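Undergrad: Just dropping this structure here.
The values are calculated or read from the model by the stated rules, or taken from the named source; none is laboratory data. Just so we're clear, the structure is a prediction, and the values are computed from it rather than from any experiment. Here the Cβ positions follow ideal geometry from the backbone for every residue, glycine too, while neighbour counts run over all protein chains shown.
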Amino acid sequence: MNPLRAKELVIDIPGRAEGQPLDFGVDPGQIWGVLGPNGAGKTTLLHTLAGLRSPRQGEVCLGEHSLTELRRRQISQQLGLVFQDRQDGFPATVLETALIGRHPWLSPWQMESGEDERLARQALDKLDVGHLGDRLVSTLSGGERQRVAIATVLTQAPDTWLLDEPTNHLDLHHQVSVLELLTEQARSGRSVFMCLHDLNSAARWCDHLLLLYPNGDACWGPAERMLVPSALERLYDQALQTVEVDGAPLFVPKKAR
C-alpha cells in the first residue's frame, strides 16, 4: 500500500497569505486527525490531498508518484473520499450508490458483477443501512446518508481514507461504530486521514494529529505530542481544562468569567 505524502505543500486559500508548507506522510496503519477552527483550511487540505484542488506550491504523492502523474482512475483505486456535504446529482437507491464504489475497478462500460453487489451489500450491512438498499438516497435522514457515503468508500476499498467530518449527523452509537470501523481499516494496513471538530474524538481515536491555525501556521506529529493544552487553546482561542478518563485525556472548555 502506497503512503500518502505532502511535500512542501501550501494549500490555496483565497485572501490568505502564504501558509506554512506542510511536509508529512500518512503511512499504512496510521490514523490522522486534522484539527482547527472554522476557516482554517481543513476541507481545502483534504480536497488538495485528493487531487481535487491544486496547491499554491508543493505536491501530493502516492508512493513515488505525484498525483499529477497518475490517472484519475489510478488515484481512485488508492484514495477514497467522504465529503462533508454532498448533492444528489440524480435519483439513485442506496445499493446503487454503494456500487459506485466499485467503479474505479471496472473497465469502461463494464457492468457490476455479482461479487461487486456482494461487497456493496456487505458494506451497507456493516454501516447498519443494509435494510435501506432499495430506498432512494434522497429520502434518507442526514445520518443515514452519511453512513451510506462511508459504506460507498468501504465498497471502494482504497488504501487511504480521506474523510471530512465523518461523524457529521450521526448519533452517539453510530459515531462510535464509524470510528471503530476506521480503526479496523487502519489495523488491516490501510491509512485514515480525517478532519474533525470533536477534539476528544481526535484524542481518543487518532495516533497522529495535524493542527491548522487560521493564520496559516501548522504543526503535526504523534498525538501525544500534539495534545498540549497551550497549543490547543491557541488553536481554538478557548481556555481548556484537562481531565483523565480511563487513562486518556479529556478536554473540557472553561467557562468565561
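Undergrad: Let me confirm something: among A202, A218, which residue is farther than 18 Å from A6 by Cα and small (G, A, S)? Talk me through it step by step, then tell me what you get.
TA: Details: A218 fails: farther than 18 Å from A6 by Cα.
Within the list A202, A218, the selection yields A202.
Undergrad: Would you check which residues across the range 194-218 are part of a strand (DSSP E or B) and within 14 Å of G41 (Cβ to Cβ) and list them? First the steps, then the outcome.
TA: Filtering the range 194-218 down to residues part of a strand (DSSP E or B) leaves 194-195, 208-212, 218.
Scanning the range 194-218 gives C195, L210, L211, L212, A218.
Undergrad: When the residues of the range 4-20 are narrowed to those that are surrounded by fewer than 17 Cβ atoms within 10 Å (Cβ to Cβ) and closer than 20 Å to S66 by Cβ, which ends up farthest from the chain's Cα centre (by Cα)?
TA: Here the residue is E8.
Undergrad: For the range 85-100, indicate whether the set of residues that are among the small types (G, A, S) and touching a strand residue (DSSP E or B) at 6+ places or on another chain (Cβ under 6 Å) is non-empty.
TA: no
Undergrad: OK, next. Out of (1) within 26 Å of G19 (Cα to Cα); (2) not in a helix (DSSP H, G or I), the odd one out for P158 is which?
TA: All conditions are met except number (1).
Undergrad: Scan the range 177-190 and tell me whether some residue there is in contact (Cβ under 8 Å) with a residue 24 or more places away in the chain, more than 22 Å from V129 (Cα to Cα) and in contact with a helix residue (DSSP H, G or I) (Cβ under 8 Å, 6 or more places away or on another chain). Spell out how you get there, then give the answer.
TA: Of the residues in the range 177-190, the ones in contact (Cβ under 8 Å) with a residue 24 or more places away in the chain are 177-179, 181-183, 185-187, 189-190.
With more than 22 Å from V129 (Cα to Cα) added as a condition, the list becomes 186-187, 189-190.
Remaining after also requiring in contact with a helix residue (DSSP H, G or I) (Cβ under 8 Å, 6 or more places away or on another chain): none.
Within the range 177-190, none of the residues are in contact (Cβ under 8 Å) with a residue 24 or more places away in the chain, more than 22 Å from V129 (Cα to Cα) and in contact with a helix residue (DSSP H, G or I) (Cβ under 8 Å, 6 or more places away or on another chain).
Undergrad: Taking A186 as meeting all but one of (1) touching a Pro at 6+ places or on another chain (Cβ under 9 Å); (2) modelled with pLDDT of 95 or more; (3) under 28 Å from A92 (Cα atoms); (4) in a helix (DSSP H, G or I), write down the number of the exception.
TA: Tallying (1) touching a Pro at 6+ places or on another chain (Cβ under 9 Å); (2) modelled with pLDDT of 95 or more; (3) under 28 Å from A92 (Cα atoms); (4) in a helix (DSSP H, G or I), A186 fails exactly one: (3).
Undergrad: Next up: State the number of residues belonging to the range 226-244 that are assigned to a helix (DSSP H, G or I) and under 18 Å from L196 (Cα atoms).
TA: First, the residues of the range 226-244 that are assigned to a helix (DSSP H, G or I): 226, 229-236.
The next check asks that each one be under 18 Å from L196 (Cα atoms); those that pass are 226, 229, 231-236.
Residues flagged as assigned to a helix (DSSP H, G or I) and under 18 Å from L196 (Cα atoms) within the range 226-244 amount to 8.
Undergrad: Would you mind stating whether V153 is under 20 Å from Q78 (Cα atoms), modelled with pLDDT of 95 or more and either of a type in the set (V, I, T) or surrounded by fewer than 15 Cβ atoms within 10 Å (Cβ to Cβ) (or both)?
TA: On the way: under 20 Å from Q78 (Cα atoms): yes; modelled with pLDDT of 95 or more: yes; either of a type in the set (V, I, T) or surrounded by fewer than 15 Cβ atoms within 10 Å (Cβ to Cβ) (or both): yes.
The answer is yes for V153.
Undergrad: Ok, one more. Can you find a residue that is out of contact with any His (no Cβ under 9 Å at 6 or more places or on another chain), within 30 Å of M226 (Cα to Cα) and among the aliphatic types (A, V, I, L, M) anywhere in the range 98-108? Full working, then the answer.
TA: Of the range 98-108, the ones out of contact with any His (no Cβ under 9 Å at 6 or more places or on another chain) are 98-108.
Next cut, within 30 Å of M226 (Cα to Cα) only: none.
No, every residue in the range 98-108 fails to be out of contact with any His (no Cβ under 9 Å at 6 or more places or on another chain), within 30 Å of M226 (Cα to Cα) and among the aliphatic types (A, V, I, L, M).
Undergrad: For residues in the range 78-99 being within 19 Å of P158 (Cα to Cα) and modelled with pLDDT under 95, which is surrounded by the most Cβ atoms within 10 Å (Cβ to Cβ)?
TA: Selected residue: F83.
Undergrad: Going by what's in this entry, would N168 be described as over 30 Å from A120 (Cα atoms) and in a loop (DSSP other than H, G, I, E, B)? I'd like the intermediate steps shown before the answer.
TA: Working: over 30 Å from A120 (Cα atoms): no; in a loop (DSSP other than H, G, I, E, B): yes.
Criteria not met by N168.
Undergrad: Just for strands (runs of 3 or more DSSP E) wholly inside the range 1-99: which have at least 2 residues that are under 30 Å from D116 (Cβ atoms)?
TA: Numbers: elements: 4-10, 22-26, 31-35, 57-62, 79-82.
Ranges flagged: 31-35, 57-62, 79-82.
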